[in-house]
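A quick write-up on the structure given underneath.
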Amino acid sequence: MTQLTNQTDGHADGIAADISRQLPQGITPEDLVDFYRRMVTIRTIDERIWMMNRQGKVPIAASGQGHEAAQLGSLLAAEKDGNCFFFPYYRDLSIKMGVGLTPTQVMLSFMGKEGDPYSNARQFPLQGADLEHNVIQTSNVVAAQLTQAVGYALACKMQGDDKVIFVYFGDGASSQGETHEAMNFAGVHKLPVIFICENNAYAISVPQRMQMAIGDVANRAEGYGFPGLIVDGLDLLASYEACREAINHARREGPVMLEMKLERLMPHTTDDDDSRYRPKEEIEAVRGRDPVAAFSNFMLEQGYLTEEQQEEIRAQARRAVNEATDAAEAALPPDASNLHNHVYAP
Amino acid sequence: MAVKSVIEAVREAMWEEMHRDEQVFVMGEDVGWRGGVFLATQGFIEEFGPERVIDTPLAEASIMGIALGASFRGMRPIPEVEFADFLWPAVNQLIGEAARVCYGSDGNLNAPVTIRIPYGGGIRGGLFHSQNVEAYFFHTPGLKVVAPATPYDAKGLLKSAIRDNNPVVFLEHKKTYRLVRGDVPEEDYVLPIGKAEVKRPGQNITVVSYGLMVHYCLEAAELLAAEGVAQVEVVDLRTLKPLDTETVLESVKKTGKLLIVHEDNITGGVGSEIAALAADQAFDYLDAPIGRVCGPDVPTMPFAQTLEDAYMPNTQKIAQALRNLAAY
């Protein structure tokens with residue numbers, strides 16, 4: 001493990017990422033603007049979805065606010081590589097939308113309408129499979145995706161494809177037995193899997209200290225015979241750099257665990273009230289650790305975008321989300337005759 | 001045609017399918033150099049190499065989950081669980097996940113996995129080497145469940161299961177492995193999943209069963225014929241899900257009397273559904289109450305010989321139930 005370097009623990013910093021520095025290898029200013037656009041659009045739609053839940057138009061949503069930089073950094077690295085596959089979990093809107101879904105497709109899915117690309121509104125939003133964009137998320141059961149991702153990696157290896165598999169999970173899922181089994185098997189067979197733990201320090205309402213006796217999930221990787229690193233998950237470029245190195249390592253030597261320390265800016269889901277278990281001061285402090293605000297500041301300070309350009313990007317995002325909302329509201333739910341379809345494959 | 005045992009038929013089916021299709025591979029505990037706890041994969045690692053014959057850690061959830069993930073990529077894994085009793089850690093991946101993959105992705109994704117499960121009692125296996133697990137999977141849409149009784153059926157159905165594009169739970173009764181022998185063709189053949197077979201024709205009573213119990217039913221039918229009491233028709237379901245309702249109903253309508261036999265616990269078992277089917281769709285043809293000879297509602301047959309015998313349905317118990325039905 002020579003390439004990978006440990007990074008700062010975001011939780012310990014108390015501030016959202018000092019990200020002013022030179023551009024990492026392989027990244028252009030155009031990439032940054034591209035990913036800034038995606039990030040802003042994703043945040044805009046995430047906020048809109050929450051609002052529409054309060055209007056009774058979206059039954060349930062798990063917000064990804066606070067997780068955008070970590071996810072998009074990994075996506076940027078995967079896109080630069082060009083041969084990766086994704087097994088995200090339910091808080092990974094930035095992966096699922098970032099890979100190329102339109103705002104309308106996302107809105108159709110959240111409203112349970114015909115045209116949801118993942119399951120045609122059989123599942124909670126954006127769950128099922130979007131093979132066009134190399135994404136599978138079969139269920140809500142935390143950690144179920146880990147063994148599946150490892151199996152997918154095994155199959156790629158057997159088929160002579162050097163694909164790298166990204167699998168994402170929360171600190172909550174790190175407690176599941178299947179997480180252990182998946183990492184153990186991946187370690188034995190040195191499979192090209194990047195385990196990304198998005199550690200927001202809460203499993204719904206249960207804080208990390210009640211989930212585990214250690215401070216860093218990444219430390220467990222040593223027990224499986226592969227490296228585990230801590231990454232500032234509020235910093236898109238830190239995530240990118242760690243993932244780029246992890247891809248190289250995964251392909252050459254086998255699995256890597258990256259623990260992205262980040263924040264959950266919203267309650268667990270639209271059905272949750274985090275004031276019941278998070279102190280007010282903590283919730284307020286967390287709001288100051290917003291990765292989207294941090295990336296905006298970075299783009300401004302480094303001169304990649306002016307304030308006017310940023311405002312124009314935000315305005316474009318609002319327009320796109322407005323149009324998507326209108327389109328999804330006008331769309332129909334799947335016809336009841338669909339109930340019996342696809343129980344079995346032909 | 002050569003006479004072979006059930007375990008030989010199972011081995012041949014996998015051997016031939018692995019030669020036919022390089023996407024097929026086996027994985028599980030001790031399937032490699034050990035050749036499987038029942039020797040179902042004896043000689044495989046020498047023939048196909050450790051990449052396609054994977055000895056896994058003793059961790060059933062990952063055996064099923066990894067097989068499932070590999071199937072998303074077009075592989076056709078055959079995960080083996082050593083004993084049905086050890087399957088429970090894998091149930092999340094099997095019932096929770098695999099069964100819902102196709103439906104939950106609106107057909108975007110499917111899971112061509114055949115999980116092989118040695119099951120059943122009568123072998124002094126006690127509570128944790130004898131379990132019948134079929135009812136849980138029989139209840140689960142999205143899964144197919146196959147439970148052959150003979151070497152011929154085991155080979156033809158296992159080959160079909162491997163070629164099927166859905167998750168198939170393939171149940172092999174341990175007691176049949178070496179006890180039951182029969183003709184198995186040398187040439188490639190497959191049997192359709194979802195088709196029962198009348199193993200013995202008869203006019204007076206229908207008995208529906210699967211797995212090991214089919215053989216006891218056949219013996220009981222011979223007894224009743226020898227006694228001159230009744231000609232019993234024995235329907236071997238072979239596939240539990242999808243259930244071949246047509247063959248069952250056709251037989252019941254012909255005989256007017258139905259006995260259902262399984263080793264699994266009586267309550268909520270496969271037999272309950274067959275009884276409901278007959279009551280619903282053959283009510284007017286029934287001349288007697290539907291009978292069941294099944295395992296009692298205790299958690300698996302115990303270890304002691306006396307207790308195991310008391311649990312297991314056998315030829316005599318089935319014959320007595322048939323006599324009662326004949327006399328009704």
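Each reported figure results from applying straightforward, stated rules to the coordinates on display, with no laboratory input. Everything numeric in this text was worked out from a predicted model, so none of it was measured. Cβ atoms come from the backbone with ideal geometry, glycine included; neighbour counts cover every protein chain shown.
Some notes on this structure:
- Peptide A:141-148, shielding by other chains (average Cβ, 10 Å cutoff): 6
- Rounded to the nearest 0.05, the FRET efficiency derived from the C-beta distance between residue A:329 and residue B:219 at R0 = 56 Å is 0.25.
- Ascending count of other beta-carbon atoms within 10 Å, so fewest first, for A:204, A:313: A:204, A:313
- Antiparallel %, DSSP beta bridges [both residues in the protein assembly as shown], to 5: 20 percent
- Judged by the gyration tensor of its Cα atoms, with axes a ≥ b ≥ c, chain A is rounded; a/c sits under the 1.5 cut.
- Relative exposure of B:267, B:300, B:255, judged by other C-beta atoms within 10 Å (fewest first): B:267, B:300, B:255
- Amide H contacts of residue B:260: B:208, B:291, B:292, B:293, each under 5 Å away and 5 or more positions distant or on a separate chain (H built 1.01 Å from N in the peptide plane; Pro and chain starts excluded).
- For the options B:49, B:125, B:295, a Gaussian network treatment of chain B with springs between C-alpha atoms closer than 10 Å singles out B:49 as fluctuating the most.
- Spatially proximal lysines relative to residue B:155 (Cα-Cα < 27 Å; intrachain offsets below 8 disregarded): B:4, B:144, B:174, B:175, B:195, B:199, B:241
- Highest mean first, the peptides B:131-138, A:182-189, A:71-78 sorted by other C-beta atoms within 10 Å per residue fall in the order A:71-78, A:182-189, B:131-138.
- If you take all other residues with their beta carbon under 9 Å from the beta carbon of residue B:247, and give Lys and Arg +1 and Asp and Glu -1, the sum is -3.
- Placing dummy labels 7 Å off each Cα toward the beta-carbon, the span from residue A:318 to residue A:22 is 3.9 nm.
- Of all DSSP bridge pairs formed entirely within segment B:197-327, close to 20 percent run antiparallel.
- Each of the peptides A:116-129, B:84-97, A:85-98 was scored by the mean count of other Cβ atoms within 10 Å over its residues; in descending order, highest first, they stand as A:85-98, A:116-129, B:84-97.
- Ordering of A:33-45, A:257-269 by burial proxy (mean other Cβ atoms within 10 Å per residue, highest first): A:257-269, A:33-45
- Highest-MSF residue in chain B out of B:144, B:174, B:195 [GNM, Cα springs under 10 Å]: B:195
- Cα gyration tensor of the protein assembly as shown - equivalent ellipsoid semi-axes, whole Å, descending: 54, 27, 21
- For chain A, hydrophobic long helices are taken as DSSP H runs at least 20 Å long by C-alpha position along their axis with mean Kyte-Doolittle hydropathy of -0.5 or more; these are A:144-158, A:236-252.
- In Hz, Karplus ³J(HN,Hα) per residue of segment B:51-68 (6.51, -1.76, 1.60; θ = phi - 60°; x = Gly, Pro): 6, 10, 9, 9, 6, 9, x, 7, 7, 5, 4, 6, 4, 6, x, 5, 4, 4
- Extending 7 Å from Cα along the Cβ direction at residue A:83 and again at residue A:161 yields two label points whose distance is 1.1 nm.
- Degrees, to the nearest 10: B:270-281 long Cα axis against longest axis of chain B: 50 degrees
- Average beta-carbon neighbours from other chains, 10 Å sphere, peptide A:168-177: 1
- FRET efficiency, residue B:246 to residue B:165 (Cβ-Cβ, R0 25 Å, nearest 0.05): 0.60
- Note on B:55-68: average number of Cβ atoms from other chains within 10 Å of each residue's Cβ is 6.
- Shape call, segment B:2-184: gyration tensor on alpha carbons, a/c limit 1.5: rounded
- Cross-link partners of residue B:254 among aspartates and glutamates, defined as those whose alpha carbon lies under 14 angstrom from its own and excluding same-chain residues fewer than eight positions apart: B:233, B:246, B:284, B:287.
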